[in-house]
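Comments concern the structure below.
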There are 2 protein chains.
Amino acid sequence: MLKSEPAYSKTALAPSIPPFAVSVEGLTAFEKEIVAVFVDLVLLLGLPKSVGEIYGLLFASAEPLSFVEVEGKLGLSKGSVSQGLRTLRDLGAVREVGNEDLGQNDPEGAAEPGRARPESTPLVKERGARWVAAVELRKLIGSLLRERLTPYLERQDQRVVAAGAALDQLLTESKSKHLGLLAGRLEKLQTWQSRTRTVLPVIGKLL
Amino acid sequence: MLKSEPAYSKTALAPSIPPFAVSVEGLTAFEKEIVAVFVDLVLLLGLPKSVGEIYGLLFASAEPLSFVEVEGKLGLSKGSVSQGLRTLRDLGAVREVGNEDLGQNDPEGAAEPGRARPESTPLVKERGARWVAAVELRKLIGSLLRERLTPYLERQDQRVVAAGAALDQLLTESKSKHLGLLAGRLEKLQTWQSRTRTVLPVIGKLL
DNA sequence: TCTTCAGTTCAAAATGAATTGAAATCAACG
DNA sequence: CGTTGATTTCAATTCATTTTGAACTGAAGA
C-alpha cells in the first residue's frame with residue numbers, strides 16, 4: 001500500500017513566505033521542531049511529508065488528537081490527513097484511542113466502539129476517534145525500513161541470479177577474455193549482497 | 001524542444017517500478033540486469049535513476065567506455081550523462097582513465113566504424129576521456145550514505161536542541177501537567193539520536 | 001426518518017526533481 | 001587561429017508523486 005521514491009514537497013496555503021513557510025500557524029515552537037524532525041526522517045525514508053507532519057504533531061502532543069484537530073493544526077486537507085493517519089496506523093506508528101475522557105493520557109488497550117457513556121455529564125461529546133503516537137521508535141523505524149528493504153532485497157537477488165545466468169551464457173559462447181573480470185565483479189556483488197542480508201538484522205537489534 | 005515527437009510514451013498507469021526501461025536497447029542481458037541492480041540501489045539512496053544506469057553500465061563493462069558510448073548505449077541525453085558522470089566521479093564511484101591504451105577496440109564493434117589504429121601512430125586520435133567503475137562497493141555505498149546522512153544528522157541535532165529549549169520555556173511558564181510526558185518523549189528522541197551516531201560508523205565497518 | 005458531521009475516495013491540480021536539448025565552452029589538432 | 005568534436009551549462013519540458021477538494025458513505029442523534 002505504500003511505495004517509495006524520493007520526493008520533496010512543500011505545503012500549500014502559505015504562498016507569501018517563500019523559504020520556510022509552513023501552514024503551521026497554530027503550532028508551538030516545541031511542536032514545530034518535533035514536526036520538522038519527523039518530516040525529515042520520513043522524507044529520508046521516502047514517505048510523503050504530510051505523514052511526517054502528522055506523526056510529529058502527535059508525538060509532540062501530550063493528549064490524543066482528533067482527526068479534525070490534526071487537520072486544523074497542520075493546515076492539511078482532509079484527504080491528506082485521512083491517508084496519512086491510515087499509513088501511520090498500518091505502520092504501527094500511531095494508535096486510535098477511544099475518546100471517552102480526555103483528561104488522561106497514555107491510554108492502553110480497550111478501545112472498542114461500545115464504550116460507556118456517562119449520561120448528562122458535560123465535557124466531551126465528540127464521537128470521532130482520537131490518535132496517539134506509538135512512541136516505540138525502535139519499532140517504528142524498524143517497520144519503515146523493513147517495508148522498503150524487504151522487497152528491494154528480493155528483487156536484487158533475482159537480478160544477480162539472472163545476471164549470473166547471462167554471464168554463463170556469454171562464457172559458453174566464449175568470446176571470453178575480459179569475461180573473467182566481469183565474473184569477478186559479479187562475485188563482489190553477490191558477496192556484498194549476502195553480507196547485507198546478515199548485517200541488516202544485526203543493525204535492527206542495535207538500534 | 002518545440003513540440004510533438006513524443007515517439008515513446010511510458011506506461012503512465014503502472015504504479016510500481018517498471019522493470020523495463022525504454023532506453024536500453026543495445027544492452028546485453030548481463031548489462032541489463034546489472035544496470036537494474038544499480039538503478040534500484042541508487043533510487044533507494046535517493047539519487048537519480050540515470051546515475052544508477054551509468055554506474056551499472058560501467059560496472060558491467062570490461063573496458064572503459066567513452067562519454068559517447070555511455071550516451072548511446074543507455075539512450076540518455078548528453079546533459080544527463082554529463083551530470084551523472086560528474087556525480088559519480090565526485091562520489092568516487094567512477095574514474096576517468098586516459099584513453100592512450102585501449103588495448104582493444106570497442107566491445108560491440110557494431111556501431112563504431114573500425115578502430116583504425118595503425119601502428120605507426122601509437123597515440124589515439126580520440127581525445128575523449130574514458131570511464132571505469134571504481135569497484136570497491138564498500139567505499140561507494142559508504143560515501144553515498146555519508147553524503148546524505150551527515151547533513152541530515154546535523155539538522156536533526158539542532159532541532160532536538162531547539163525542541164529542548166522550547167520545552168524548557170514551556171516548563172518555566174509552567175502550565176505544566178503533561179509536560180513530563182513530553183520531556184520523556186524528547187529524551188527518547190535524544191537517546192535514539194545518539195545511538196544512531198554511535199551505531200552508524202559500526203555499520204560502515206561491517207559492510 | 002432526516003440531519004449532521006467524522007472520515008474516505010478519487011479525479012484533478014500543484015509541485016518539484018529528473019531529463020532533455022540546444023547553445024556555450026573547451027581542448028586538441030591541423 | 002579555425003575547425004571539429006567532446007563536454008558542460010542551463011532554461012524549458014516532462015514525469016512521477018503528493019496534495020487538494022468535492023462528492024460520497026455511514027453512523028449518531030434528534
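FYI, it's all coordinate maths here, none of it is from the lab. Treat the numbers as computed from the prediction; the structure is a model and nothing was measured. Glycine gets a Cβ as well: all are built from the backbone with ideal geometry, and neighbour counts include every protein chain shown.
What the table below lists for this structure:
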| read-out | value |
| --- | --- |
| Cβ-defined net charge surrounding residue B:36, 11 Å radius [Lys, Arg +1; Asp, Glu -1] | 0 |
| Position residue A:138, label points 7 Å along Cα→Cβ, spacing to each other copy in nm (shortest first, one decimal) | 2.9 |
| Base-10 log of normalised Debye intensity for the range A:142-206 (one unit scatterer per alpha-carbon) at q = 0.27 Å⁻¹ | -1.14 |
| Projected label distance in nm at residue B:207 and residue B:148, using a 7 Å step from Cα toward the beta-carbon | 1.0 |
| Neighbouring partner chain Cβ atoms per residue of B:57-64, average, 10 Å criterion | 3 |
| Using a Förster distance of 45 Å, the FRET efficiency for residue A:28-residue A:171 (Cβ separation, nearest 0.05) | 0.10 |
| Label-point separation in nm, residue B:139 to residue A:178, each point 7 Å along Cα→Cβ | 2.1 |
| Scattering profile of the range B:40-84 at q = 0.16, 0.18, 0.25, 0.26 Å⁻¹ [log10 I(q)/I(0), Debye over alpha-carbon scatterers] | -0.38, -0.48, -0.87, -0.92 |
| Spacing of the two label points (7 Å from each Cα toward its C-beta) at residue A:62 and residue B:86, in nm | 5.3 |
